[in-house]
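The values are calculated or read from the model by the stated rules, or taken from the named source; none is laboratory data. The shown structure was predicted, so the numbers you read here are calculated from the model rather than taken from an experiment. Using ideal geometry, Cβ is built from the backbone for each residue, glycine included, and neighbour counts are taken over all protein chains shown.
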Amino acid sequence: MDVKYSDDGLVPVISQDAETREVLTLAYMNAEALAATLATGKAHYYSRSRGRLWMKGEESGNIQEIVEIKLDCDGDALLLLVKPAGPACHTGHKSCFYRDAEGAETCESVTDEERMYSHRILRELHDTVRDRKAHPVEGSYTNYLFNKGLDKILKKIGEEAAEIIIASKNPDNRELIYETADFMYHLCVLLVNNGLTWDDIFLELRSRAK
């Protein structure tokens, strides 16, 4: 990658949510930070205030998983398309750009409840299921499904779909929530088995929302 660093050895870097396209942060990289980012698949930056390399989320856990890196036309700026594991800003906001020109806040901070129920939990589930497939764990139900094969996975999806129908007749929605979670877990196993991700589903849904 032919990056043109400034005299102090830095290049500005914009990070952007790969799914929503929301701009998250402006930071800087030196050659070492870029190399670490490419090697690990996680965003690393150079902190001018601390004078050292750091990985985004190394303390907070709010890492930025790299989807794609783009170089601008002059080669003196980078754009990272990322999957953020939490709020990008140290203030707890989704983006560092949460204020307008007058200083008024234009977006809210991310609450623990929002993180818990956000779509990112589907990606976390997908990553866990994919890891189980690549690195089997003895006694794992997920590995049991993979070992039994596609027919077993499809059978479980059919059973869980039927459980959702039955639960829907119950006035207490807790059973419906439980059965829907069961269904989505088994659906995730199917997606991983067939080499798909939730992003493939999200893109299809987005096309239907137009």
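Could you please find all residues in segment 154-210 being of a type in the set (Val, Ile, Thr), under 30 Å from Asp17 (Cα atoms) and surrounded by fewer than 16 Cβ atoms within 10 Å (Cβ to Cβ)?
Hits for segment 154-210 are Ile177, Ile201.
Please name all residue pairs, on different chains or six or more residues apart, with Cβ atoms under 9 Å, provided the first residue is in segment 128-139 and is touching a residue at least 12 places away in the same chain (Cβ under 8 Å) and not assigned by TED's automatic domain parsing to the domain that holds His186 and the second residue is in a helix (DSSP H, G or I) and exposed (fewer than 14 other Cβ atoms within 10 Å of the Cβ).
The qualifying pairs do not exist here.
Name the pairs: first residue in segment 83-105 and closer than 25 Å to Asp199 by Cα, second residue among the aromatic types (Phe, Trp, Tyr), Cβ to Cβ under 9 Å, at least 6 apart or on different chains?
Cys89/Phe97; Cys89/Tyr98
So, in segment 54-76, exactly how many residues are surrounded by fewer than 16 Cβ atoms within 10 Å (Cβ to Cβ) and either of a type in the set (Lys, Arg) or closer than 19 Å to Tyr5 by Cβ (or both)?
Step one: list which residues in segment 54-76 are surrounded by fewer than 16 Cβ atoms within 10 Å (Cβ to Cβ), which gives 58-61, 67-68, 70-76.
Among the residues that remain, those that are also either of a type in the set (Lys, Arg) or closer than 19 Å to Tyr5 by Cβ (or both) are: 70-76.
Result for segment 54-76: 7.
Mind listing whichever residues of segment 134-151 are of a type outside the set (S, T, N, Q) and surrounded by 15 or more Cβ atoms within 10 Å (Cβ to Cβ)? Reasoning before the result, please.
Of all residues in segment 134-151, those of a type outside the set (S, T, N, Q) come to 134-139, 141, 144-146, 148-151.
Of everything in segment 134-151, those that are of a type outside the set (S, T, N, Q) and surrounded by 15 or more Cβ atoms within 10 Å (Cβ to Cβ) turn out to be Leu145, Phe146.
Can you list residue pairs whose Cβ atoms sit under 9 Å apart, with the first residue in segment 65-82 being on the phi > 0 side of the Ramachandran plot and the second being surrounded by 14 or more Cβ atoms within 10 Å (Cβ to Cβ)? Count only pairs 6 or more apart in sequence or on different chains.
Gly75/Val3; Gly75/Val11
Hey, Met116 hits all of (1) at pLDDT 80 or above; (2) out of contact with any helix residue (DSSP H, G or I) (no Cβ under 8 Å at 6 or more places or on another chain) but one; which does it fall short on?
Only one criterion in (1) at pLDDT 80 or above; (2) out of contact with any helix residue (DSSP H, G or I) (no Cβ under 8 Å at 6 or more places or on another chain) is unmet by Met116, namely (1).
Of the residues that sit in segment 77-101 and are of a type in the set (Gly, Ala, Ser) and touching a helix residue (DSSP H, G or I) at 6+ places or on another chain (Cβ under 9 Å), which one is surrounded by the most Cβ atoms within 10 Å (Cβ to Cβ)? Before you say what the answer is, go through the steps one by one.
Taking segment 77-101 as the starting set, the residues that turn out to be of a type in the set (Gly, Ala, Ser) are 77, 85-86, 88, 92, 95, 101.
Going one step further and asking which of them are touching a helix residue (DSSP H, G or I) at 6+ places or on another chain (Cβ under 9 Å), we end up with 85-86.
On the way: Ala85: 19, Gly86: 16.
Here the residue is Ala85.
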